[in-house]
1. Based on the alpha-carbon set only, what is the convex hull volume of the stretch 21-75 divided per residue, in Å³?
2. Ordered by residue, what ³J(HN,Hα) values in Hz, to whole numbers, does the stretch 161-175 give under the Karplus form 6.51 cos²θ - 1.76 cosθ + 1.60, where θ = phi - 60° and Gly and Pro are x?
3. Give me the one-decimal nm value for the distance between modelled label points at ASN266 and LEU57, 7 Å along each residue's Cα-to-Cβ direction.
4. Could you run the Karplus curve 6.51 cos²θ - 1.76 cosθ + 1.60 with θ = phi - 60° over the stretch 225-239 and give me ³J(HN,Hα) per residue in whole Hz, x for Gly and Pro?
5. May I ask for the Rg/Rh ratio of the stretch 145-197, computed from Cα atoms with Rh as the Kirkwood radius, given to two decimals?
6. What are the principal axis extents of the Cα atoms in the chain, in Å, biggest first?
7. Under 5 Å between amide hydrogens, which residues at least 5 positions from SER3 or on another chain qualify, with H placed 1.01 Å from N in the peptide plane?
8. 7 Å from Cα along Cα→Cβ at both ARG253 and GLN147: what's the point-to-point distance in nm?
Amino acid sequence: MESDLDLFDSHCHLDFAAFDGWRDQALRNARSVGVRQILLPGVTAQYWSRLLQLCQLQSQAYEHYPLLYPALGMHPCFMAEHRPEHLELLQQHLAGGEALAVGEIGLDFFISDSDVQAQQLLLERQLLLAKQYDLPVLLHVRKAHDQMLKTLRRFKLPRGGVVHAFSGSEQQAHIYIDLGFKLGFGGVLSYRRATKLRHLAATLPLESMVLETDAPDMPLSDWREEPNRPERVRDIFEVLYSLRSEAPEHIARQTTANVREVLALNIA
């Protein structure tokens, strides 16, 4: 029996090879627990076409699967795979209206041998494209929130976006919100030792929060040895409502509305 919830997984890498052979089943499982929409961020140009095709094909079968929406970007953890011509290809896709957001893009200073300057340059070029085509961005930020906020203040993106897997401070959270961004909460929320993050999830305005799995990555505490799945956004939702005072139905409705607001989706 299908759930009557309406949940939105705002960050899921359903195109990754980890889902080969059981992608349809993963989608059916997600739909059965109330996941009605999923946003798929692209990470390298090599797989953009596959991601776009997947979104197109699965969305034609909406009665059985969640609606899938594409974003395209160049991820800072895959710098060795990016080429200058990929920026031109990204611009072509965006000009053709093929993506609802630019992402996953960002800064990752957690990587021990990261080329900070190269990451910054790539980020800025993609932010320019987002601004040019009036699109939101999906941000990956690790150990780089101050630098990212400094950059966002300069670019003043009119559509804002989502800070995926938010891991910053309460002060940084409010600055992102003031800049027009939503904050992504995922599997880490299920770990009781994540006290600072759980505090933020309990106290930040619900209008600033979106749910995400990052599947197949960032598994929840009860499934830490398994690849993550889009259906587990339902479990993240349950953790969130256990931390907050609002009714579960309101939390589901508002977090889904938040993603739709970012993507400018109008769904009855």
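What follows is calculated from the coordinates using simple rules that are stated; it is not laboratory data. Here the structure is a predicted model, which is why all the values come from computation and not from measurement. Please note: Cβ atoms are built from the backbone with ideal geometry, for glycine as well, and neighbour counts cover all protein chains shown.
1. Values: hull volume 4.2 nm³, N = 55.
About 77 Å³ per residue, rounded to a whole number.
2. These are the phi-based 3J(HN,Hα) values: x, 10, 8, 5, 6, 4, 9, x, 7, 5, 4, 4, 4, 5, 5 Hz.
3. 3.1
4. 9, 10, x, 6, 9, x, 4, 7, 5, 5, 5, 5, 4, 5, 5
5. Values: Rg = 11.9 Å, Rh = 11.8 Å.
Using Cα coordinates only, the ratio equals 1.01.
6. 48, 41, 37
7. VAL33, GLY34
8. About 4.3 nm separates the two model spin labels.
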